[in-house]
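The values are calculated or read from the model by the stated rules, or taken from the named source; none is laboratory data. Owing to the predicted nature of the structure, the values given are computational and were not obtained by experimental measurement. For neighbour counting, all protein chains shown are included, and Cβ atoms are generated from backbone atoms with ideal geometry for every residue, glycine included. Accessible surface areas use protein heavy atoms only, side chains included; no ligands, DNA or RNA. Shrake-Rupley method; radii C 1.70, N 1.55, O 1.52, S 1.80 Å.
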Amino acid sequence: MTVAIIDTATANIASVRFALERLDADYALARDPDEAADCDRLILPGVGAAGPAMRTLAARGWAEALQGEARPVLGLCLGMQLLFAQSEESHCDLLGLIPGRVMRLDPGAAGPWPHMGWNSLADIEPDEPLLAGVATGDRVYFVHGFHVPAGPYARATTEYGAAITAVARKDNVAGCQFHPERSGAVGARILRNFIEASA
């Protein structure tokens, strides 16, 4: 099983690579879709802003290729947000693989903006394959200033001023708002679940 890490040029590529190496996973860094042709599944990481990331995905052919992608896809942090339809950040259209809008986070009294730190998972869908072996209350690491409100595609949530989509899924496309590659044993379990799950 080989995982392609989509190179958005704005992503946390190194930490994702190190996380996969700790799991002894075979992976390839794919600048364009041709470089991922022989891979079994795709990871779309991301750190930065939606607009520049979408411009890079479009320029490298990924925006079009992902529209018809049948392999399992996992977006991480900004990568999860890019799976949705539109974003208030950069006021841009996204990939549109999951219905919904990315909105600016309003933490209120919960803490500062952006949200940086460990938060607990809640509302875990028991049949979500990414979350096999993950329990309500398990903590994962977030760094984000925008979010997708909890809705019909949320497979787990967290609270930071409001209920936030922590894990999303629509068919073969899933995402984590947090950084599993920086989330210790819980994050490693999620990445392993993605690598080993049936397509």
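Observations, loosely collected:
- Members of segment 155-188 that are within 19 Å of GLU88 (Cα to Cα) and among the aliphatic types (A, V, I, L, M): ALA162, ALA163, ILE164, ALA166, ALA168
- Candidates ALA185, ALA156, ALA150, ALA132 - the one that is open to solvent by 20 Å² or more (accessible area, probe 1.4 Å) and touching a strand residue (DSSP E or B) at 6+ places or on another chain (Cβ under 9 Å): ALA150
- Residues (over 14 Å from the mean Cα position of the chain (by Cα) and at pLDDT 95 or above) located in segment 35-53: GLU35, ALA36, ALA37, ASP38, CYS39, ASP40
- Test: ALA14 is over 24 Å from GLY68 (Cβ atoms), of a type in the set (Gly, Ala, Ser), open to solvent by less than 30 Å² (accessible area, probe 1.4 Å) and under 17 Å from the mean Cα position of the chain (by Cα): no
- The residues of segment 53-78 that are of a type outside the set (D, E, K, R), more than 18 Å from ASP40 (Cα to Cα) and surrounded by 15 or more Cβ atoms within 10 Å (Cβ to Cβ), listed by number, are ALA53, MET54, THR56, LEU57, ALA63, CYS77, LEU78.
- Positions within segment 8-24 being touching a Pro at 6+ places or on another chain (Cβ under 9 Å) and either more than 15 Å from ASN193 (Cβ to Cβ) or of a type outside the set (A, V, I, L, M) (or both), in sequence order: THR8, ALA9, THR10, ALA11, ASN12, ILE13, SER15, VAL16
- Hits in segment 85-102 - residues which are farther than 17 Å from LYS170 by Cβ and part of a loop (DSSP other than H, G, I, E, B): GLU88
- When restricted to residues that are within 30 Å of ALA65 (Cα to Cα) and without any contact (Cβ under 8 Å) to a residue 12 or more places away in the chain, segment 92-120 contains 0.
- ASP123 vs. criteria over 17 Å from the mean Cα position of the chain (by Cα), touching a residue at least 40 places away in the same chain (Cβ under 8 Å) and on the phi < 0 side of the Ramachandran plot: no
- Filter pass, HIS179 being open to solvent by less than 20 Å² (accessible area, probe 1.4 Å), at pLDDT 95 or above, touching a Pro at 6+ places or on another chain (Cβ under 7 Å) and not charged (D, E, K, R): no
- Residue match in segment 87-106 (condition: touching a Cys at 6+ places or on another chain (Cβ under 7 Å) and either of a type in the set (Lys, Arg) or under 18 Å from TYR160 (Cβ atoms) (or both)): no
- Residue satisfying all of: in segment 89-120; open to solvent by 60 Å² or more (accessible area, probe 1.4 Å), closer than 21 Å to ALA63 by Cβ and at pLDDT 95 or above; farthest from the chain's Cα centre (by Cα) among these: ASP93
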